[in-house]
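The next block holds one structure in the form of C-alpha cells; read it before the comments.
The values are calculated or read from the model by the stated rules, or taken from the named source; none is laboratory data. Since we're looking at a predicted model, the values are computed, not measured. Backbone-built Cβ (ideal geometry, glycine too); neighbour counts: all protein chains shown.
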C-alpha cells in the first residue's frame, strides 16, 4: 500500500444510490451524491431518518460493480461492502481491521518461509480490500469524517512501512545478506517521507482560502489528460491500488525478494512525484 493521495477516503466511486434507508439499526440517510451531503451540512440539516425493521436498499444498486478491469481489488471490495454495509460495523472499525491484517502480513514476511509468505500475501489482499471498503461504507452510512480520513492515511502508511521492513528482514535472515534489509528499510523510509508530505499538503490545503473538504475533492475525480499524466497515473496505480495483487503473484512463485531493490528506488520516486500537485488526487 503505497502512501495515499489527498483524497484520503478510499473509494474511486464517490456517488450514492438513491433509495430508502439501509437497515443497520442506526439512523441513516442515503444521498444521491457526495455534494448532497455537503449541502445538507451547510444547511444545518444533520438529522438522520430513523429506520424501521422493513427498510432495506439493494446493495447492488448502492455499490455497482466497477466498469473497468483495473484496479482488480475494487472487484473484491465492492462485493464485500455490499455485505458489510448491512451490519453495524463502522468505517473506523473496518480501517482498524485492515491495519491489523496488514501488520500481520508484515510479520509473516519477517518470519519467512514459503507458506508464511503466501499467507502474508493473502492477508495483504484482505487488508487492501478492507482499505477500499471503509471509504465506501463511510459514504453509504453517512459517516464520513476528517478523523476517519486521517486514520485511514495513517493505517496505509503503517502497513506500507511495516511490509517493506518485514520483507527486507525476512530475506536478510534467509540468505544472510544485510543489503536486502537495507533495501526494505529504504522503501519503508520512502513511505514515511510520503506520509509526512501528505500531512503537510493536507494542512496547507486546509489553510487556503479556497479549501475544499476531502469529500468535495472525491466528488470531482481527476483523470489523466496527456502522456505524462498517464505515466504518473499508471505508476501510482501499480504502486498503490493493485500492489497487493503483485505481491500475491510474486509469493506464489516464491520470488517476493525481487521486489525489494525496485521498491527501494520506486518509493523515493513516489514521494518525489507527490511533491507536485500534478501527481496528486488520482483515485487509486
When region 69-90 is examined, which residues are found to be in a loop (DSSP other than H, G, I, E, B), surrounded by fewer than 14 Cβ atoms within 10 Å (Cβ to Cβ) and more than 18 Å from the chain's Cα centre (by Cα)? 87, 88
Yes or no: region 159-172 includes at least one residue that is out of contact with any helix residue (DSSP H, G or I) (no Cβ under 7 Å at 6 or more places or on another chain) and either assigned to a helix (DSSP H, G or I) or crowded, with 21+ Cβ neighbours inside 10 Å (or both). no
Residues of region 267-283 classified as more than 15 Å from residue 240 (Cβ to Cβ), buried (at least 16 other Cβ atoms within 10 Å of the Cβ) and modelled with pLDDT under 85, total: 0
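Being more than 12 Å from residue 103 (Cα to Cα) and surrounded by 21 or more Cβ atoms within 10 Å (Cβ to Cβ) is the filter here, so list the residues in region 113-124 that pass it. Outline the logic, then answer.
Here is the first cut: in region 113-124, the residues more than 12 Å from residue 103 (Cα to Cα) are 113-119, 122.
Across region 113-124, the qualifying residue is only 117.
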I want to confirm something. Restricting to region 236-263 and keeping residues that are at pLDDT 95 or above and farther than 20 Å from residue 181 by Cβ, which single residue is nearest to the chain's Cα centre (by Cα)? 248
